[in-house]
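Values quoted throughout were computed directly from the atomic coordinates according to the rules given, and no laboratory measurement underlies them. Note that this is a predicted model, so its numbers are computed, not measured. We place every Cβ from the backbone using ideal geometry, glycine too, and count neighbours over all the protein chains shown.
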Amino acid sequence: MQGRTAAPAASNNPPARPHQSHPDAAASWTNSAGELTLPNGDLYSGTLSGGVPEGTGRYVWSGSGCVYEGGWRRGMRHGNGRTEWPSGAVYEGEYSGGFMDGEGTYTNGSPSSSYKGQWKLDRKHGLGLQAHANGDVYQGSWVQGQMEGQGRYTWENGNSYVGTMRNGLMSGKGVLTWSTGDSFQGNWVAGVAHGYGLYTWEGGGCYLGTWSRGLKDGKGTFYPERRRVPAARLDDLRKRCVLPDVSFGTGADPEPAAADGSLSRRNSGLGRPAMKKRPSLQRRRSIGAAIGVAVGVVTGGPAGPEKTLKCEDTAGSSSQILEREYAQGVLISEVVLDKSLPDSPSSKKPRLRRSRKVKDAKRPGETIIKGHRSYDLMLCLQLGIRYTVGRITPIQEREVRASDFGPKANFWMNFPKNGSPLTPSHRALDFKWKDYCPMVFRNLREMFKIDTADYMISISGSDALRELSSPGKSGSIFFLSQDDQFMIKTLRKSEVQVLLRMLPYYYRHVHAYENTLVTKFFGLHRVRPSSGQKFRFVVMGNMFCTELRIHRRFDLKGSSLGRSTEKIKIDENTTLKDLDLNYSFYLEPSWRDALLKQIEIDSEFLRNHSIMDYSLLLGFHYRARQNLQIGSSCPESILPDKLTVLSEADAAEKDSAYNYRDGLILVQRGSDKNGSDAVGPHIRGSRLRAPSGCFEEVDLLLPGTGRLPIQLGVNMPARAEKEEKQEEGSKSLHHMYDVVLYIGIIDILQKYNMTKKIEHAYKSIKYKYNPLSISAVEPQFYSERFLKFVGTAFPQNSSNQ
């Protein structure tokens with residue numbers, strides 16, 4: 001429907017009735033042969049009694065030009081009569097006490113725009129039929145000028161709704177049938193599907209489950225074309241009034257009030273579902289979303305059920321009954337219920353739609369299960385993100401505005417445990433949810449190529465999050481999605497304030513520099529359980545989300561005081577610090593220049609906003625070298641200490657003849673015909689070009705592993721020189737490794753405030769630390785020291801590298 005609010009009363013009823021002077025005394029009239037002329041110029045001609053109109057007569061209003069002809073009683077219109085307005089509108093029917101009251105027909109200047117039915121005090125009230133000039137027709141109950149009660153609304157394109165109306169919108173139980181043959185029967189609230197319902201496709205397939213504000217939410221059952229819902233189950237649901245009576249959908253109309261109707265669709269309070277069009281499948285929206293859009297929740301074009309049917313049918317065999325679970329319109333998981341069929345899988349485990357494979361290696365963090373200290377908090381944030389992302393996703397895409405950044409852009413919602421008209425029931429405690437600047441973060445997710453469905457499944461799907469031990473001194477809680485794509489970190493109130501003040505500039509920065517290395521933010525929220533404290537948290541991209549194992553990771557600030565992890569047991573999940581770094585990384589010269597330039601730009605951005613204490617997070621994957629077997633010839637392009645640059649065909653051919661000492665090979669960017677050229681999560685920006693210049697863009701080919709796109713800070717091949725110190729007086733040992741680098745700038749929400757100034761003075765004076773080695777320093781010096789340290793970690797290539 002074209003809008004969710006009922007139209008004003010005036011737009012649902014005829015023009016205001018003409019003002020009628022009350023004859024308080026016969027002396028106020030001039031009597032001339034059955035005609036009366038009022039002092040204001042109005043004219044009456046007809047029968048009189050006691051000096052006032054009584055019986056039948058004709059009344060003309062001089063001011064407006066309206067004319068009434070019909071019955072009168074005690075000076076007021078009463079009985080049958082006819083009123084004509086200068087606009088061409090006509091009412092003909094019963095009057096009482098001067099009002100249109102009883103049975104009557106109103107025509108708005110055209111026979112195709114009319115209402116015939118019952119009236120009360122100049123308003124449609126009772127049973128009636130209204131026809132619109134555009135071909136839409138409503139037949140059913142009216143209350144005080146609004147469609148209210150049982151009725152049938154038919155759009156000119158053949159779509160129809162039969163069921164309960166409230167305030168001019170579909171509310172209660174009813175059946176919406178599309179002209180294509182698809183239908184939804186179930187519960188409605190304010191024009192959208194809400195509650196239990198049955199969606200049926202023209203071909204016979206159907207889905208029985210729950211909807212929340214127009215979107216599928218919760219578990220349901222999908223029945224394919226040849227597998228019907230058991231009749232006994234449907235009868236039971238109808239007897240318990242969970243589904244509308246079957247007669248709703250088989251043409252049982254309300255008692256008619258035959259004739260034509262009035263007023264345009266725009267003003268009737270009940271619009272039409274727009275004609276379906278086939279949008280992109282990229283968002284993977286559900287049938288529930290299609291219904292929600294079809295009834296007018298979204299501006300800018302609906303997504304029809306035909307698209308959803310195609311999307312969902314690809315998820316399972318046409319002969320399988322599936323139990324499906326949705327989160328705000330996004331399919332999370334499905335289980336095959338009828339294992340007896342030959343094409344059913346042997347396992348009954350849920351098949352989850354995921355965008356990434358689960359890594360075999362041991363993953364960091366502790367899975368949050370029931371009884372875990374963070375279990376309730378996890379449920380709250382999963383439900384809140386699921387709801388708010390689902391709420392803003394259907395809104396038409398647009399550029400951000402200044403108002404999108406202010407406090408008025410924030411969104412509040414209460415989530416009672418038993419649910420509400422706007423929120424589903426849930427297992428967590430009652431909580432309050434706050435979503436900061438949702439339109440800004442929605443555009444940031446689009447900018448970083450985050451698919452909305454993947455985002456919701458990753459964070460709010462059926463999988464639990466993992467809690468990480470805090471690597472820093474802030475005391476923040478870190479959560480990691482099960483597919484490793486997203487990191488969720490709790491923030492202090494001061495950090496939230498810094499991010500909100502910086503957000504307009506951050507948005508412009510990441511928009512201007514697509515290869516930026518600063519943390520990628522995707523959402524900022526706050527949750528307040530009914531019996532607990534407030535938790536503020538931000539959703540970020542996990543820069544170590546890769547199929548490759550990260551063997552070493554470093555948090556580098558450029559300072560030396562306390563920047564060591566010598567006293568703890570080190571494994572591949574340990575975050576090492578500045579003094580632990582005993583590697584130098586050699587990149588192709590043009591890549592090194594681009595990397596250092598971007599780090600300088602990002603550091604300048606942070607310095608301009610008085611940010612300090614940020615870090616360069618660096619992780620790398622070892623690629624073990626193999627001894628080069630001696631063959632008949634050794635092409636110059638694969639000399640031992642150079643990165644290999646081959647065409648993909650050459651790489652395949654030569655790999656069969658040689659076991660290269662090099663573990664890293666560059667190949668021309670593929671055409672992606674087979675989908676092997678998959679870009680990683682939240683990867684944005686241009687690809688790096690080959691150092692030799694023989695190809696415009698290249699990928700990294702790891703023999704035995706796969707092919708990876710190379711971008712600044714992502715999948716970057718390099719040579720790492722490790723220095724191992726020996727006993728005093730002995731020379732240090734140097735080892736060379738092929739590595740794949742992952743680089744980003746993190747912890748960008750700490751301003752150089754009074755607390756940090758006191759910290760710097762305290763450590764300098766009391767403990768007599770070198771002021772230059774302390775992490776807490778003013779932003780200008782921090783940036784210079786940071787850039788200098790990064791430059792030493794990435795030295796220029798020498799002749800032997």
Positive-end residue of Gln396, Asn414, Cys380, charge dipole of the range 366-542 with Cβ unit charges: Asn414
Stretch gain in nm, segment Lys534-Lys722, where the contour uses 0.36 nm per residue and the Cα spacing is subtracted: 63.1 nm
Given charges at beta-carbon only (K, R positive; D, E negative), |dipole| of the range 120-227 in Debye: 360
Test item: Cα-centred dipole of the range 458-609, Lys/Arg +1 and Asp/Glu -1 on Cβ, debye: 860
His609 paired with Glu103, simple spin-label distance in nm, labels 7 Å along Cα-to-beta-carbon: 7.2
Pairwise label distance in nanometres, Glu156 with Val335, each label 7 Å out on the Cα-Cβ vector: 4.9
Inter-label distance for Phe411 and Ser96, nm, one decimal - labels placed 7 Å from Cα along Cα-to-Cβ: 4.8
Extension gain (nm, one decimal) between His372 and Ser62, 0.36 nm per residue minus Cα-Cα: 103.5 nm
Cβ-Cβ FRET estimate between Val143 and Ser112, R0 fixed at 25 Å, reported to 0.05: 0.50
Electrostatic dipole magnitude of the range 466-528 [Cβ: Lys, Arg +1; Asp, Glu -1; Cα centre; debye, to 20]: 400
Rg and Dmax of the range 366-542, Cα atoms only, in Å: 15.7, 46
Fully extended contour minus Cα-Cα distance, from Ser420 to Lys493, at 0.36 nm per residue: 23.4 nm
Residue pairs, from the table Lys557/Lys788; Lys489/Lys597; Lys432/Lys520; Lys557/Lys757; Lys493/Lys534, whose Cα atoms sit over 20 Å apart: Lys489/Lys597; Lys432/Lys520
